[in-house]
Amino acid sequence: MIAPILAVLPLIVAFFGIVFLRRSGAEMAVVGLVLVLIIAKFYFDTPLEVGIAASIYGLLKSLGITLAVVWTMFMIFLMREVGALDTISSSIKKVAETKEEQALWIGIAFGSLVTSLGVVTPSMLPPLLVAMGFSPFSAVTISVLGYNATTSFALLSIPITLPAEAAEKIVGYEMDPGLFAYKVCIYLPVVSLLISVAMILLVKGSLRKSLIPTILTGLSLGISALIFSLVEVPVMLIGVLSGLVSMLLLHFYMTRRKPWISGKILRAASPWIILITLALIVSYPEITSRLKEIDPPVTFGLIANQSIDFNVFAQIYTWILVATISSIPILKPSKEQLIRVTNTWLRRIWGPVIAYSLFFSIAYVMAWSSMHISGGKLVPSPRFDELNMNKVIGLYLAEVLGNKYLYFSAFLGLFGAVVSGSETGSNVMFLGIQYKACENLGITQGGFSNEFMTVFGAHANAGGVASAITPSKINNAVATIGERRELEGEVMRKLTPVVIGITLVVGVLTSIFVKLGI
């Protein structure tokens, strides 16, 4: 019993510090990393050199997200300084007059679209929402919860494609990313609707004025994603197209209002327009493959035989930077405005960077626990199955829950996302654990059965929803509007029951889907 408690203790401490002690996500990331290193060394048979190597590796793996956050924050601060956010705010209010409609259109429909293209919405949306008159709590809540309505299709669907690519190394069998995407999508009509409803209730306290647009937003996202997966639309584009469908349907619903597109708003939104155009080009599978070939994987001698493929030219952070620089001649900031933007940016980026980086480091310390470096290679210790922190947690849950495991298997996705700060990390780290648990229960054997893929689809959905309570994302959203760190704990307290509740619904659906063979 002591092993699973110790394995999860660093995360419990981080959560407690943010929620109850009102410390920042960056501060608790430091505490969590120190604690996980100590526990890994003295209980889980992990040499300190492996723990430090895992921390460095996690930091390097986080660069794709941290750099996207850094450049997005600069873009948003620039747009705010030149008045572009106020222009966009005024224009959106012409078509979406109520706060509920604005939250749905920006937080869920637009948020799903740009998140699917790789934009970090906790960096982008809070300043815009504050400019539109939302409270800091509402701005952060909409930004960290709404974009999760398509769960696994963020960052050009990396939460689906990356674990599918790694499956053979982790489990020994190939995984079809198209099938994985479909299994994620069978949950989305319910999950997307629940997220839409929860967001409006948290922000406005009632659905009385927005029942129809709330239902329209959630169902249009979920059903369109399911249809796109059935007709075999490229996995990388499913989230993009679903977000676009939801935006258009909401726009048609609100067409009784005045036209809102003008040359002025096009200039104000030029950074986003350029970025979306570049992201769509980069997301085309053939172009993505070519860009990935430009820079080869880099192997770091410090980290045994582990290599990292940065894929600089295929990463969204490169194109966020390009879009920002390209928009400067259009936005025409003065020298003084650029200086103010840079100063604000340099003051506020460090909290989000530390939080994202160190929570990734914690994830890799847990993943590499009970591993040793031998002959220049990272290899499992003889007691790896007993003492790897992730395996301990996953197998303990499977043993305790027994036949009820299907109802709670999705909670591994939730747990993994909070640990690593992203659904992608959760899907990769816990693929082997889910497979082993399902194999022990007779759900799969000798490959990825239909039933197992349903379970793993649930895992992915829960991991996507859990992004709303990852400390790094909440810290990021709060930092972009310069709010007090106590707001992080308030948001996490309010969103945690929502995330747990939706995960429970996913568990019930999993049991039903497996029994029906869906």
### Task
Please list, ordered by first then second residue, the pairs with beta carbon atoms under 8 Å, 6 or more apart or interchain, first in segment 60-86 and closer than 13 Å to residue 272 by Cα, second modelled with pLDDT under 85 and not in a helix (DSSP H, G or I).
72/119; 72/120
### Task
Kindly indicate whether any position in segment 403-420 is free of Cβ contacts under 8 Å to residues at least 24 places away in the same chain and touching a helix residue (DSSP H, G or I) at 6+ places or on another chain (Cβ under 7 Å).
no
### Query
Can you find a residue in segment 375-389 that is modelled with pLDDT under 85 and under 30 Å from residue 120 (Cα atoms)?
no
### Query
When segment 207-221 is examined, which residues are found to be more than 16 Å from residue 191 (Cβ to Cβ) and either in contact (Cβ under 8 Å) with a residue 60 or more places away in the chain or assigned to a loop (DSSP other than H, G, I, E, B) (or both)?
207, 208, 209, 210, 213
## Note on the structure
Across segment 446-485, the tally of residues that are touching a Ser or Thr at 6+ places or on another chain (Cβ under 9 Å), surrounded by fewer than 24 Cβ atoms within 10 Å (Cβ to Cβ) and of a type in the set (Gly, Ala, Ser) stands at 1
### Message
Is it the case, given these coordinates, that residue 246 is out of contact with any Asp or Glu (no Cβ under 9 Å at 6 or more places or on another chain), at pLDDT 95 or above and in a helix (DSSP H, G or I)?
### Response
no
### Message
With the requirement that a residue be acidic (Asp, Glu) and either surrounded by 24 or more Cβ atoms within 10 Å (Cβ to Cβ) or touching an Asp or Glu at 6+ places or on another chain (Cβ under 8 Å) (or both), what does segment 144-176 give you?
### Response
168, 174
### Message
What's the total number of residues in segment 1-29 that are part of a helix (DSSP H, G or I), over 22 Å from residue 478 (Cβ atoms) and either over 21 Å from the mean Cα position of the chain (by Cα) or polar (S, T, N, Q) (or both)?
### Response
7
### Task
Would you mind telling me which numbered condition in (1) assigned to a helix (DSSP H, G or I); (2) of a type in the set (A, V, I, L, M, F, W, C); (3) at pLDDT below 90; (4) over 20 Å from the mean Cα position of the chain (by Cα) residue 67 fails?
(4)
## Note on the structure
When segment 101-115 is checked residue by residue, the ones that are surrounded by 24 or more Cβ atoms within 10 Å (Cβ to Cβ) and farther than 17 Å from residue 271 by Cα are 103, 104, 107, 108, 109, 112
### Criterion: farther than 27 Å from residue 32 by Cα, at pLDDT below 90, in a helix (DSSP H, G or I) and of a type in the set (A, V, I, L, M, F, W, C) - qualifying residue of 354, 362, 320
320
### Query
When both residues are 6+ apart or on different chains and their Cβ atoms are under 9 Å apart, which pairs have a first residue that lies in segment 421-450 and is under 24 Å from residue 356 (Cβ atoms), and a second that is charged (D, E, K, R)?
421/473; 422/473; 425/61; 433/391
### Query
Do you know which residues across segment 9-18 are touching a residue at least 40 places away in the same chain (Cβ under 8 Å) and surrounded by fewer than 20 Cβ atoms within 10 Å (Cβ to Cβ)?
15
### Task
Out of 141, 98, report the one residue that is crowded, with 24+ Cβ neighbours inside 10 Å, among the polar types (S, T, N, Q) and more than 22 Å from residue 315 (Cα to Cα).
141
### Task
Please enumerate the residues belonging to segment 67-89 that are crowded, with 23+ Cβ neighbours inside 10 Å and among the polar types (S, T, N, Q).
72
### Query
Within segment 40-55, which residues are touching a residue at least 40 places away in the same chain (Cβ under 8 Å), assigned to a helix (DSSP H, G or I) and crowded, with 16+ Cβ neighbours inside 10 Å?
40, 50, 51, 53, 54, 55
### Query
Failed condition for residue 255, given (1) among the polar types (S, T, N, Q); (2) closer than 21 Å to residue 144 by Cα; (3) at pLDDT below 90, with all others met?
(2)
### Query
Mind checking which residues of segment 177-189 are among the aliphatic types (A, V, I, L, M), surrounded by fewer than 24 Cβ atoms within 10 Å (Cβ to Cβ) and in a helix (DSSP H, G or I)?
179
### Query
Any residue in segment 164-176 that is in a helix (DSSP H, G or I) and over 24 Å from residue 446 (Cβ atoms)?
no
### Message
If a residue must be touching a residue at least 24 places away in the same chain (Cβ under 8 Å), surrounded by fewer than 18 Cβ atoms within 10 Å (Cβ to Cβ) and under 18 Å from residue 287 (Cα atoms), how many such residues does segment 313-348 contain?
### Response
1
### Summary
Restricted to segment 459-518 and to residues being over 21 Å from residue 357 (Cβ atoms) and among the polar types (S, T, N, Q), the residue nearest to the chain's Cα centre (by Cα) is 461
### Task
Inspect segment 88-99 for any residue being in a loop (DSSP other than H, G, I, E, B), in contact with a Lys or Arg (Cβ under 8 Å, 6 or more places away or on another chain) and over 25 Å from residue 253 (Cα atoms) and give the result as yes or no.
no
### Task
Filter segment 161-202 down to residues that are at pLDDT below 90 and under 19 Å from the mean Cα position of the chain (by Cα), then give me how many there are.
6
### Query
Taking interchain pairs and intrachain pairs at least six residues apart, which have beta carbon atoms under 7 angstrom, with the first residue in segment 114-127 and in contact (Cβ under 8 Å) with a residue 60 or more places away in the chain and the second of a type in the set (Lys, Arg) and assigned to a helix (DSSP H, G or I)?
122/473; 127/80
### Task
Please give the helices (runs of 4 or more DSSP H) falling wholly within segment 425-518 in which 1 or more residues are hydroxyl-bearing (Ser, Thr, Tyr), modelled with pLDDT of 85 or more and over 23 Å from residue 399 (Cβ atoms).
471-480, 486-516
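The values are calculated or read from the model by the stated rules, or taken from the named source; none is laboratory data. Note that the structure is predicted; figures quoted are calculated from it, not measured. Using ideal geometry, Cβ is built from the backbone for each residue, glycine included, and neighbour counts are taken over all protein chains shown.
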